[in-house]
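Asker: If you scroll down you'll find the structure; I have some questions about it.
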Amino acid sequence: MASVLKVDKLDPQSGTALEIGTSGDTITIPSGATIVNSGTATGFGSSAFASETFGARMDTLRTFTSGSDNTLVFETELWDSDTAYNTTTGKYTVPTAGSYLFGGMVKFHETASTFTSCTLYFNVAGVQQQVAQWYDSGGGDVSQLILNFSVPNPSLSVSDDVYMQASATTLDSSTYNCPSSAYTTVFWGARIA
């Protein structure tokens with residue numbers, strides 16, 4: 001037979017913790033009841049978004065050869081919850097298996113010529129995926145271009161490496177750069193499930 005205890009407040013003995021139930025018991029909170037927390041909540045699992053997140057930006061001017069694939073290194077971490085982003089290699093190493101959302105923005109700049117194409121790639125566990133591309137078939141006069149993207153990855157495993165690569169071609173097949181102006185070249189990610 002169930003018993004009902006009606007009180008307004010339960011306090012543990014001084015210096016102890018209040019325990020409700022025993023290991024293996026189920027504590028039920030009925031529909032319509034509200035839990036109000038004014039302190040620190042622990043042990044309730046993750047929130048809508050998981051804790052694995054990072055963001056980094058490029059602060060150094062990078063110069064690349066026209067027509068080649070180049071790994072982009074974002075050397076300044078803005079945040080990194082698991083110390084999983086490497087500012088030397090530009091790679092994010094997945095700390096927890098799950099679904100992730102990644103995004104980025106890259107500014108391309110050419111001073112001596114104009115672009116004919118710019119492409120951003122996203123590399124997951126050695127598989128390259130094209131995520132953004134601009135192409136000019138008419139030989140126009142584009143010397144600066146910003147490409148941005150966001151892409152979900154439904155199933156990543158622990159230790160998968162994720163990084164961005166860029167490729168651009170110019171009319172004179174020389175070089176191009178990714179400038180380091182504030183927040184125009186960034187890379188971020190978060191586990192969403």
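The values are calculated or read from the model by the stated rules, or taken from the named source; none is laboratory data. Keep in mind the model is a prediction, meaning the values are calculated, not measured. No Cβ is skipped: glycine too gets one built from the backbone with ideal geometry, and neighbour counts run over all protein chains shown. For the accessible areas, the whole protein counts, side chains as well, though only heavy atoms, and no ligand, DNA or RNA atoms are used. Shrake-Rupley method; radii C 1.70, N 1.55, O 1.52, S 1.80 Å.
Asker: Can you tell me how many residues within the range 88-102 are under 27 Å from TRP134 (Cα atoms) and either at pLDDT 95 or above or within 14 Å of the chain's Cα centre (by Cα) (or both)?
Answerer: Of the residues in the range 88-102, 6 are under 27 Å from TRP134 (Cα atoms) and either at pLDDT 95 or above or within 14 Å of the chain's Cα centre (by Cα) (or both).
Asker: Going by the conditions given, is THR63 loosely packed, with under 13 Cβ neighbours inside 10 Å and in contact (Cβ under 8 Å) with a residue 60 or more places away in the chain?
Answerer: Spelling it out, THR63 is indeed loosely packed, with under 13 Cβ neighbours inside 10 Å and in contact (Cβ under 8 Å) with a residue 60 or more places away in the chain.
Asker: State whether one or more residues within the range 55-62 are part of a loop (DSSP other than H, G, I, E, B), touching a Leu at 6+ places or on another chain (Cβ under 9 Å) and within 22 Å of GLN133 (Cβ to Cβ).
Answerer: yes
Asker: Could I ask something else about it? Can you name the number of the only condition in (1) open to solvent by less than 80 Å² (accessible area, probe 1.4 Å); (2) at pLDDT 70 or above that VAL142 fails?
Answerer: Here VAL142 clears every test but (2).
Asker: Take LEU120 and tell me if it is at pLDDT below 75 and more than 12 Å from the chain's Cα centre (by Cα).
Answerer: Against the criterion (at pLDDT below 75 and more than 12 Å from the chain's Cα centre (by Cα)), LEU120 does not qualify.
Asker: Contact list please: Cβ distance under 8 Å, first residue in the range 177-193 and over 12 Å from ARG62 (Cβ atoms), second residue at pLDDT below 85 and aromatic (Phe, Trp, Tyr), pairs at least six apart or on different chains.
Answerer: If the second residue must be at pLDDT below 85 and aromatic (Phe, Trp, Tyr), the pairs left are ALA190/PHE49; ARG191/PHE49; ILE192/PHE49.
Asker: Of the conditions (1) modelled with pLDDT under 80; (2) surrounded by 10 or more Cβ atoms within 10 Å (Cβ to Cβ), SER14 fails just one. Which one is it?
Answerer: Among (1) modelled with pLDDT under 80; (2) surrounded by 10 or more Cβ atoms within 10 Å (Cβ to Cβ), the lone unmet condition for SER14 is (2).
Asker: Just to be sure before I move on: is GLU110 buried (at least 20 other Cβ atoms within 10 Å of the Cβ) and in contact with a Pro (Cβ under 6 Å, 6 or more places away or on another chain) in the structure I sent?
Answerer: The answer is no for GLU110.
Asker: Conditions: (1) among the charged types (D, E, K, R); (2) at pLDDT 85 or above; (3) part of a strand (DSSP E or B). LYS107 meets all but one. Number of the miss?
Answerer: (2)
Quick grid of which residues meet (1) open to solvent by less than 40 Å² (accessible area, probe 1.4 Å); (2) modelled with pLDDT under 75; (3) not aromatic (Phe, Trp, Tyr):
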position	(1), (2), (3)
ALA132	yes, no, yes
ASN148	no, yes, yes
SER159	no, no, yes
VAL162	yes, no, yes
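Asker: Check whether at least one residue in the range 76-89 is of a type in the set (Val, Ile, Thr), assigned to a strand (DSSP E or B) and free of Cβ contacts under 8 Å to residues at least 24 places away in the same chain, and report yes or no.
Answerer: Yes, the range 76-89 has at least one match.
Asker: Select from the range 69-98 the residues that are of a type in the set (A, V, I, L, M, F, W, C) and surrounded by 14 or more Cβ atoms within 10 Å (Cβ to Cβ) and write down the one among them that is nearest to LEU120 (Cα to Cα).
Answerer: LEU72
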